[in-house]
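What follows draws every value from the coordinates through simple rules; no lab data is involved. Bear in mind the structure is a predicted one, so any value in this text is a computation, not a measurement. Every residue, glycine as well, gets a Cβ built from its backbone with ideal geometry; the counts of neighbours run over all protein chains shown.
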Amino acid sequence: MAKPKVASDWLSGCAGCHMSLLDIDERIIALTELIDLRATPITDLKEPDKDGVDVGILEGCINNTYNEEVAKRMRERCKILVALGDCAVFGGVPAMRNFSGAGEALKRAYIETESTDSEGKVPSDPELCKPTRVKAISEVVHVDVFVPGCPPSADVIFYVLSELAQGRMPELKGNMLDWH
Amino acid sequence: MVKLNIDGKTVKVLEGTTVLKAAEQAGIYIPTLCAHPQLTPYGGCRLCMVEVEGAGTLQPSCTLPVTEGMQIKTNTKKILDARKFVLTLIFSERNHFCMYCQVTDGDCELQNAAYDESMTHWPLQPNWQPYEVDASHKFFVLDHNRCILCRRCVRACNELVGNFTLGFKERGANSFLVADYGVPLGESTCISCGTCVQICPTGALIDRQSAYQGKEIEVDHHLSVCVDCSIGCQRDVLTRDNRLIRIEGDWDTSLNHGLLCEKGRFEPLAKECNRILTPLVRKDGSLKAATWDEAISAIIEKIKPLTGKKEKGLAVLASSRLSTESLALIDEVFNQGFEAAIVTSIEEDQTSSVAAEIAKELGKPFESKLDVLKDTDVALVLGADLATDHQVAGFFLKRQQASGTKLIVAGTKENRFIDKANLKLQQTKGTSLDLIESLTAALVELRKAKVEDLKAADALYSSSEKTGLAIDSLLKTAEYLSSAKKPVIVYGKGFVSNNNKVALKALLEFAALIGKNGAPLVGVKGQANSMAAAQLMLVKPFKADSVQAVYLALGDEIPTKKLTKDLENVPFVAVHAAYSSQLTANADVVLPAAIWAEEEGHYLNSDGRLQKNVKALEAPENVLDTVTTLQKIAELLNVKTKGDWKSQLLARVSSVEITQG
């Protein structure tokens, strides 16, 4: 049997979940013997294979129109979609802005910030993606495996990947659950 | 007994038991959120749903009473799905994002419930409606965004504390927690007991001091006893890395059942006092840092010549916040060994000493345990301001008013507890004895008691004149008391002030006249170890101008202005104190003392429970506890000590029976 292909990507997040993935340390060698690690934001190949992968992993929430495209592309190209971390599962820290609206958040960031001079303005180039209400990935595309945590611990990530690599669906419970 | 079946297990429980409690007794776990062992079941959160054979829908087990032959299932797929659905709805109601909440990692009952059901996510997002955060209270913050509307805080405020500050407005999804009629908490009738904060299952009510200071998994617990008044509430002291984090009540304790007041819960952490961290000795007119040896030698040098001198000798004064071990050692070293001119406590509240004298005369205890306050239908409170001091005893009474208990309070206009009374006896003139005489006359006038040679009508009229109390109020008091099933009388410092033994004796006689068996009497007594001080006879009057020198074991007590002034003209003053004050600034030698959390020892509370305050913190370097310091002094004075504090304490009859814990 060919090794299952695994690809990952990140949306609006802090990259912490990918850092936690790297925290599995030398176990990554054992893992690469079980899986074919394809495109990830931390390897050279950036986009998941056009002919598809077995497992797609997404970190971060959907925060703008570009994130939405990336999430949909991953969903189309993978069989099992994993939402990795609190942002992907719930919306996470970026979702705080939903309580005030994206407009307020942009104003605070680009105009009201203490270090911004009187010229501050919200970028509005047509090339830029449009901010949207912050969404958990499951609000946009179907998610098969939810791995909450901010970030999920390296042990939990290793467990999830090794289960998927061996053709089983991971079941998170007890001490492995940590929503932060 | 009722027999029922839960998950195939036969369970026998008392009639009236709820299915939830029956399952608990059978060791079957049913998750809950709005239920709490100290509160009346409410049935609001629906997490505890069970399947009952024959019932069309799932039933909340917390409010469902058992019936004979009931068949209950607690873990079918239908129930497990329902639990997840209930939790999903709760999560979707407001902002329950765990990543921006400090109550997490085992501290949040909502999060724990989700973990128990192995929820990896929530299927519904909230509607992103922000709610206000009420940060107006000095000790805690109310974040409405975290509220799950379980009403535990409201029920605790009403049922346990009897304060009725918290309530709910609107219904359904618009339900909103309010203080009074919707004022900020800091401006409300809240008395800062913090029970709501302790009982909140989520991060809706959080303590300011301990927020972000340490979660449950990171702190150490020290089951101890409060030393801020003589109720001696059992409490849990939370520390981390030798730092005080928070004080909580312990729901499982027998005296206060988890309740604490502002003084016991928040004030020890909010105290802003300067610690004394090194011994100080007065040289050339000013206090200079010294070693312990230098400071103690300076004391010994001054006091040793006063050994055995009864005139112009040494006065040894002790705080009644000190442990029994400390107080007994003071008595042993300075009274029995050194034979100082006077050895006494600086207790101003005379309840303990007057009660001890009466007990001595009677030859037996005459007071009841505090438990009688928890189940009474008429309580007469005399000269005790239970809204200011001994507040938890006040909670026991206030919380029963909603179910019909009559609270009669006699006191001056300064007594804040009188506002809570159903019947106010605000005495404008006359003495405590006059009050008891007028109440006795009222009792006789109503033919509820017989007292020889008492012309009730005349006595009632004249005593009403003396006290300024309306005859109608006196008769009503007598009527309530004599028709009560479980009457109780509480007296405090206002009643026995000026060493009023006569009034207390009259009260004893009055209490005996009530009902068939008389009314039990409870004395609330000054500071934490006031009763132990009285047992050790450290309650003598002290006159500063009659002594040459004073040794004051102050511990962490803040001295009164009166004491500071009294000691101003004493030629030599040595103080063992934790905090600097005008008194320590005036002293000749100052020794740094440990505070309550740094020193272990026993305390005798108002109802004679001998309880242990455990050490929760290590004292700073160079700071010594009272016992160690006294031992050092005793050695240099060549006084041998046995340290048998327990037999010293039990050597004489007490006003209330002394019991362990």
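Here the calculated FRET efficiency for residue B:657 and residue B:252, from their Cβ-Cβ distance with R0 = 25 Å, stands at 0.60, rounded to the nearest 0.05. Derived scalar couplings between HN and Hα for the range B:282-298 equal 6, 10, 6, x, 10, 6, 10, 4, 9, 7, 4, 4, 4, 5, 5, 4, 4 Hz in order, rounded to whole Hz, by the Karplus curve 6.51 cos²θ - 1.76 cosθ + 1.60 (θ = phi - 60°), x for Gly and Pro. Between residue B:316 and B:342, B:343, B:344, B:551, the built amide H atoms are under 5 Å apart, and every one of these is 5 or more places off in sequence or on another chain. Across all directions, the average projected area of the convex hull around the alpha carbons of the range B:352-523 is 9.1 nm². Below 9 angstrom from the Cβ of residue B:72, what's the summed charge of the other residues (Lys, Arg +1; Asp, Glu -1)? Charge balance in the 9 Å sphere: -2. Name the shape class, rounded, prolate or oblate, that the alpha-carbon gyration tensor gives for the range B:577-632, where a ≥ b ≥ c are the square roots of its eigenvalues, rounded holds for a/c under 1.5, and otherwise prolate holds if a/b is larger than b/c and oblate otherwise. It is prolate, given that a/c is not under 1.5 and a/b is the larger ratio. Judged by the mean number of other Cβ atoms found within 10 Å, the most tightly packed of the peptides B:220-226, A:83-89 leads the ranking A:83-89, B:220-226.
The stretch between residue A:25 and residue A:153, if pulled fully straight at 0.36 nm per residue, gains 44.9 nm over its current Cα-Cα span. Here the Karplus curve 6.51 cos²θ - 1.76 cosθ + 1.60, taken at θ = phi - 60°, turns the phi angles of the range B:542-549 into couplings of 10, 10, 5, 6, 9, 10, 8, 8 Hz, with x standing for Gly and Pro.
Each of residue B:84 and residue B:428 was given a label point 7 Å from its Cα along the Cα-to-Cβ line. The distance between the two points is 7.2 nm.
Subtracting the Cα-Cα distance of residue B:388 and residue B:562 from their residue separation scaled by 0.36 nm leaves 60.6 nm.
Here chain A carries DSSP beta bridges of which approximately 15% are antiparallel, counting only pairs with both residues inside.
If one takes the longest principal axis of the Cα atoms in chain B, at what angle in degrees, from 0 to 90 and to the nearest 10, does the Cα axis of helix B:501-513 lie? It is inclined by approximately 40 degrees. Mind checking the log10 I(q)/I(0) for the range B:270-329 at q = 0.18, 0.20, 0.27, 0.28 Å⁻¹? Debye, one equal scatterer per Cα, no solvent, two decimals. Debye curve over Cα of the range B:270-329, log10 I(q)/I(0) at q = 0.18, 0.20, 0.27, 0.28 Å⁻¹: -0.99, -1.10, -1.10, -1.09. Prolate is the label for the range B:376-420. Its Cα gyration tensor axes, ordered a ≥ b ≥ c, give a/c of at least 1.5 and a/b above b/c. Remark: the range B:143-193 projects, on average over all directions, an area of 3.6 nm² (convex hull of Cα atoms).
Translational diffusion of the protein assembly as shown was estimated from the Stokes-Einstein equation, with Rh taken as the Kirkwood radius over Cα pairs; at 20 °C and 1.002 mPa s the coefficient is 68 µm²/s. Starting from the Cα gyration tensor of the range B:64-147, take the square roots of the eigenvalues, sort them a ≥ b ≥ c, and report rounded, prolate or oblate (rounded when a/c is under 1.5, otherwise prolate if a/b is larger than b/c, else oblate). Since a/c reaches 1.5 and a/b is larger than b/c, the shape of the range B:64-147 is classed as prolate.
Which of the GluC sites (Glu not before Pro) across the range B:129-177 are loop residues per DSSP, with 15 or fewer other Cβ within 10 Å? All intermediate terms of the calculation are to be shown ahead of the outcome.
Details: sites: B:132, B:159, B:170; in loops: B:132, B:170.
Passing sites in the range B:129-177 are B:132, B:170.
Return the percentage of antiparallel bridges among DSSP beta bridges fully within the protein assembly as shown, rounded to the nearest 5 %. Among the beta bridges of the protein assembly as shown, antiparallel pairing accounts for roughly 45 percent. The charge dipole of the protein assembly as shown, taken about its Cα centre with unit charges on the Cβ of Lys, Arg, Asp and Glu (plus for the first two, minus for the last two), comes to roughly 2360 debye.
Residues whose amide H lies under 5 Å from that of residue B:6, counting only those 5 or more places away or on a different chain, are B:11, B:72; hydrogens are built 1.01 Å from N in the peptide plane.
Here is the tail figure for the range B:2-75: Cα pairs spaced more than 22 Å apart come to 12 percent of all pairs. Rounded to 0.05, the FRET efficiency of the residue A:142 and residue B:132 pair, given R0 = 41 Å and the Cβ-Cβ distance, is 0.65.
Mean projection of the Cα convex hull over all viewing directions, computed for chain B: 33.8 nm².
Measuring against 21 Å, Cα to Cα, the residue pairs B:420/B:448; B:21/B:486; B:466/B:505 contain B:420/B:448; B:21/B:486 as the ones spanning a longer distance. The eigenvalues of the Cα gyration tensor, multiplied by 5 and square-rooted, give the range B:124-270 an equivalent ellipsoid with semi-axes of 27, 18, 13 Å from largest to smallest. Sparse packing (at most 10 other Cβ atoms within 10 Å of the Cβ) combined with a DSSP loop state is found for the following GluC sites (Glu not before Pro) in the range B:240-288: B:272. Take the Cα of residue B:544, step 7 Å toward its Cβ, do the same at residue B:364, and the gap between the two points is 4.5 nm.
The GluC sites (Glu not before Pro) of the range A:73-180 meeting both criteria, a DSSP state outside H, G, I, E and B (loop) and at most 15 other C-beta atoms within 10 angstrom of the site's C-beta, are A:114, A:119, A:127, A:171. The mean of 1/r over all distinct Cα pairs in the range B:245-303, once inverted, gives the Kirkwood hydrodynamic radius of 15.2 Å.
What per residue convex hull volume, in Å³, comes out for the range B:322-368 when only alpha-carbon positions are used?
115
Here, P(r) means the percent of Cα pairs in each 5 Å bin from 0 to the largest distance; for the range B:349-409 it is 4, 16, 23, 22, 16, 12, 5, 1.
At q = 0.14, 0.19 Å⁻¹, work out log10 I(q)/I(0) for chain A with the Debye formula, treating every Cα as an identical point scatterer and leaving solvent out; two decimals please. Results for chain A at q = 0.14, 0.19 Å⁻¹ read -0.76, -1.23. Among residues other than residue B:373 with Cβ under 13 Å from its Cβ, the summed charge is 0 (Lys and Arg +1, Asp and Glu -1). Taking each residue as 0.36 nm, the span from residue B:100 to residue B:243 lengthens on full extension beyond its C-alpha to C-alpha distance by 49.0 nm.
What percentages, rounded to whole numbers, describe P(r) for the range B:483-601 computed over all alpha carbon pairs with 10 Å bin width beginning at zero? The distribution over the range B:483-601 is 11, 30, 28, 17, 11, 4, 0, given as percents.
Each of residue B:312 and residue A:76 was given a label point 7 Å from its Cα along the Cα-to-Cβ line. The distance between the two points is 10.7 nm.
When only Cα pairs under 8 Å and 6 or more residues apart are kept, what is the percent relative contact order across the range B:2-75?
Dividing the mean separation by the residue count of the range B:2-75 yields 41 percent.
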